[in-house]
Amino acid sequence: MGPVELLHMSVFSQSFSPCGRFLAAGNNYGEIAVFSLSAALSPDATALSQKPVLTFTAHEGPVFSLLSTDCHLLSAGNGEISCWSWSDLTKKNVKPLWTKRPNFKSSLEIPEINAMVLNTRDNSLVVGGGDNNIHILDLEHGIFKAVLQGHTDYDGAVRMWDSRTGQSVHCVEIYKYESCARPQYGKWISCLTTDSDWMLCGGGPSLSLWHLRSLSPTSIFPLTGCQRQTSFYQDMILAVGEGPSVAHCLLGGEVKAQIPCTPQSLNTLQLNTNSAEHRMLTVGGSSNHIDVFTNLSYRAFSLSF
């Protein structure tokens, strides 16, 4: 890849291997890079240790989402999901085990797939993307078994469905809450995560913490720009988005710290909880560099495509 492509690279997605010793990252050129964390963290690490042990083209368009299961890496791009074996990837074998496409209404436009979640209860993959629908893939039989409907375009709503019936049971329009609304940024929601009875979401509206039983906001975080990914971590909240820093927030709404990063704008943050030896936070965005934090207070070094 030439210097111009490197200059215009964006990292959209990341996922740690089940053993926690490898990191996969997806970029806007359809490539997935696999990094060896033990090599990068080694006391004798060189610049080469911070480069991928493997880079391959997975999709024609950007790799918007990556997700690891017990032994597989799932990648999503424009209209398709591919499955790779982690043991094959560590042996540098880059043949997908399968590629599936949800049943989109129109064959003319190919919606991007930008979110995947594993439902371990029934061994299904829940997939969200640009056609406003949630598609559910039965991983055991390899077929799409249900479609959850209700969203209309980027409608600024958080919808909740009963997975047994496929019926929408709650709809929260975040932008209609005065404390969350930021009309100058729009009403779309770009990040959402839950932890037991709590939900974090933001985008056009401010990043906010919600109590799921009462469906009411309890804390609003005074962060500038739109947040693109957020995560609960111990008694804190981590968030990234527009701007070159990782925000550390307290549950009560206070921004405790903003830790500087290499990319000027951030798309993805990932915590490695799969291996105590390789525990770290990794952050990627509008750069070919992925920042590594072995201590959340400062950037230790960067991996790069």
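The values are calculated or read from the model by the stated rules, or taken from the named source; none is laboratory data. Please read these numbers as outputs of a predicted model, since none were measured by experiment. In this analysis, Cβ positions are derived from the backbone assuming ideal geometry, glycine residues included, and neighbour counts consider all displayed protein chains. SASA here: full protein model, heavy atoms, side chains in, ligands and nucleic acids out. Shrake-Rupley method; radii C 1.70, N 1.55, O 1.52, S 1.80 Å.
Looking at segment 143-163 only, could you name the residues that are more than 22 Å from the chain's Cα centre (by Cα), farther than 18 Å from T194 by Cβ and charged (D, E, K, R)?
K145
Yes or no, residue by residue, for (1) of a type in the set (S, T, N, Q); (2) open to solvent by less than 10 Å² (accessible area, probe 1.4 Å); (3) in a strand (DSSP E or B); (4) at pLDDT 95 or above:
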site	(1), (2), (3), (4)
Q14	yes, yes, yes, yes
C19	no, no, no, yes
Y29	no, no, no, yes
I32	no, yes, yes, yes
A45	no, no, no, no
L48	no, no, no, yes
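Have a look at S124, S75, S65, S85 and point out the one that is free of Cβ contacts under 8 Å to residues at least 24 places away in the same chain, closer than 15 Å to I32 by Cα and small (G, A, S).
Answer to the check: S85.
Hey, could you check segment 266-279 for residues that are in a strand (DSSP E or B) and open to solvent by 10 Å² or more (accessible area, probe 1.4 Å) and say which is nearest to P244 (Cα to Cα)?
N267
List the number of the failed condition for E109; all other conditions in (1) open to solvent by 20 Å² or more (accessible area, probe 1.4 Å); (2) touching a residue at least 40 places away in the same chain (Cβ under 8 Å) hold.
Here E109 meets the rest and fails (2).
Determine whether A181 is part of a loop (DSSP other than H, G, I, E, B) and hydrophobic (A, V, I, L, M, F, W, C).
Yes: the conditions hold for A181.
Counting only residues that are of a type outside the set (G, A, S) and within 18 Å of Q270 (Cβ to Cβ), how many does segment 233-259 have?
Of the residues in segment 233-259, 11 are of a type outside the set (G, A, S) and within 18 Å of Q270 (Cβ to Cβ).
Return a yes/no flag: does segment 174-193 have any residue that is in contact with a His (Cβ under 8 Å, 6 or more places away or on another chain) and open to solvent by less than 60 Å² (accessible area, probe 1.4 Å).
No, segment 174-193 contains no residue that is in contact with a His (Cβ under 8 Å, 6 or more places away or on another chain) and open to solvent by less than 60 Å² (accessible area, probe 1.4 Å).
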